[in-house]
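S.K.: Could you have a look at this structure, given as structure tokens, before my questions?
The values are calculated or read from the model by the stated rules, or taken from the named source; none is laboratory data. Values in this document were obtained by computation on a predicted structure and should not be read as measured data. Here the Cβ positions follow ideal geometry from the backbone for every residue, glycine too, while neighbour counts run over all protein chains shown. These accessible areas exclude ligands, DNA and RNA; they are computed on the full protein's heavy atoms, side chains included. Shrake-Rupley method; radii C 1.70, N 1.55, O 1.52, S 1.80 Å.
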Amino acid sequence: MQTQTEAGDKMNVILYSTGCPQCTVLKEKMDGAAIAYTENNSKEEMSALGITHVPVLSVDGELMSFAQANKWVNQYLTKES
């Protein structure tokens with residue numbers, strides 16, 4: 001799913017998740033920030049991408065760890081405010 005920045009740029013955002021506690025935290029944070037995303041729970045796809053820990057956030061193909069994703073969401077919120 002795509003989300004749009006204030007400047008009108010569209011981003012393809014995918015949350016790779018297994019429903020773990022950190023996955024839930026990141027999902028709730030993105031929902032609260034009104035970031036449109038697709039949730040992907042396919043372990044086969046995650047394995048094919050080399051994902052060994054979740055959650056992983058993909059923004060336009062750039063994979064981010066939980067810490068990096070939280071930082072990205074915080075920066076997104078700052079830019080959109």
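S.K.: Can you pull out every residue in the range 49-81 that is surrounded by 12 or more Cβ atoms within 10 Å (Cβ to Cβ), in a loop (DSSP other than H, G, I, E, B) and β-branched (V, I, T)?
M.R.: Within the range 49-81, I51, V54 meet the criteria.
S.K.: So, in the range 27-48, how many residues would count as being touching a residue at least 12 places away in the same chain (Cβ under 8 Å), outside any loop (DSSP other than H, G, I, E, B) and not polar (S, T, N, Q)?
M.R.: Residues flagged as touching a residue at least 12 places away in the same chain (Cβ under 8 Å), outside any loop (DSSP other than H, G, I, E, B) and not polar (S, T, N, Q) within the range 27-48 amount to 7.
S.K.: Only one of (1) more than 11 Å from the chain's Cα centre (by Cα); (2) under 19 Å from M11 (Cβ atoms) fails for M46. Which number is that?
M.R.: M46 satisfies every listed condition except (2).
S.K.: I'd like to check something: does the range 1-10 contain any residue that is modelled with pLDDT under 95, open to solvent by 50 Å² or more (accessible area, probe 1.4 Å) and within 13 Å of the chain's Cα centre (by Cα)?
M.R.: Within the range 1-10, one or more residues are modelled with pLDDT under 95, open to solvent by 50 Å² or more (accessible area, probe 1.4 Å) and within 13 Å of the chain's Cα centre (by Cα).
S.K.: Continuing with this model, one more query. Select from the range 25-48 the residues that are surrounded by fewer than 13 Cβ atoms within 10 Å (Cβ to Cβ) and of a type in the set (A, V, I, L, M) and list them in ascending order.
M.R.: If the condition is that a residue be surrounded by fewer than 13 Cβ atoms within 10 Å (Cβ to Cβ) and of a type in the set (A, V, I, L, M), then A34, A48 are the ones that fit.
S.K.: When the range 49-67 is examined, which residues are found to be over 23 Å from K79 (Cα atoms), in contact (Cβ under 8 Å) with a residue 12 or more places away in the chain and β-branched (V, I, T)?
M.R.: Selection gives I51, V54.
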